[in-house]
1. Please verify whether Thr117 is of a type in the set (Val, Ile, Thr) and at pLDDT below 95, treating the condition exactly as stated.
2. Is it the case that some residue within region 29-37 is open to solvent by less than 20 Å² (accessible area, probe 1.4 Å) and over 10 Å from the mean Cα position of the chain (by Cα)?
3. Go through (1) exposed (fewer than 11 other Cβ atoms within 10 Å of the Cβ); (2) modelled with pLDDT under 95 one by one and return the number of the condition Leu42 breaks.
4. Go through region 45-60 residue by residue and tally those that are surrounded by 15 or more Cβ atoms within 10 Å (Cβ to Cβ) and either polar (S, T, N, Q) or out of contact with any Ser or Thr (no Cβ under 8 Å at 6 or more places or on another chain) (or both).
5. May I ask you to list the residues in region 71-101 that are open to solvent by 60 Å² or more (accessible area, probe 1.4 Å) and in a strand (DSSP E or B)?
6. Answer with yes or no whether Gly8 is of a type outside the set (D, E, K, R) and either modelled with pLDDT of 90 or more or closer than 15 Å to Val97 by Cα (or both).
7. Could you grab me the full set of residues in region 61-70 that are exposed (fewer than 12 other Cβ atoms within 10 Å of the Cβ) and in contact with a Leu (Cβ under 9 Å, 6 or more places away or on another chain)?
Amino acid sequence: MTTALPAGALALMLLSHATVEPVMTDAPHALTLDVESRDGMLEVRLTGLSPHAQGVSYALEVTGQSTSRHRGSTTLAAGTQAVLSTMRTPAGENWCVKLVAEDEGGAPYEITRGNCTAG
């Protein structure tokens, strides 16, 4: 699921760990999230690809048997795919992968995979 968040929501979430209700959008984003669950393990890959050079920022949270977080910002080169993060962790029964990201000049958006509950 890909959703847009109100302007400034990414900064607020990063600072306060607040939850923001997302709004649906069909706009293409520079960041994609690939998640594979196999043999009790999760492999999460955050990839960036943009038709033009642009800055992106992100907060990635993986929850399974434990919780891992990765935050960052970078500038994507035009037309060049880049792997920004790869995480591997035991999946647990109810795993969740949540990405909150913002493309330069765009509204923050959220992508989730797995059993992610609001709150």
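The values are calculated or read from the model by the stated rules, or taken from the named source; none is laboratory data. Please read these numbers as outputs of a predicted model, since none were measured by experiment. Positions of Cβ are generated from backbone atoms using ideal geometry, with glycine treated the same way; all protein chains shown enter the neighbour counts. When the accessible area is computed, the model is the full protein with side chains, heavy atoms only, and any ligands, DNA or RNA have been set aside. Shrake-Rupley method; radii C 1.70, N 1.55, O 1.52, S 1.80 Å.
1. Details: of a type in the set (Val, Ile, Thr): yes; at pLDDT below 95: yes.
The answer is yes for Thr117.
2. Yes, there is a match, as at least one residue in region 29-37 is open to solvent by less than 20 Å² (accessible area, probe 1.4 Å) and over 10 Å from the mean Cα position of the chain (by Cα).
3. Failed condition: (1).
4. Qualifying residue count, region 45-60: 5.
5. If the condition is that a residue be open to solvent by 60 Å² or more (accessible area, probe 1.4 Å) and in a strand (DSSP E or B), then Arg71, Ser73, Thr75, Val83, Thr86, Arg88 are the ones that fit.
6. Values: of a type outside the set (D, E, K, R): yes; either modelled with pLDDT of 90 or more or closer than 15 Å to Val97 by Cα (or both): no.
Answer is no for this residue.
7. Within region 61-70, just Arg69 meets the criteria.
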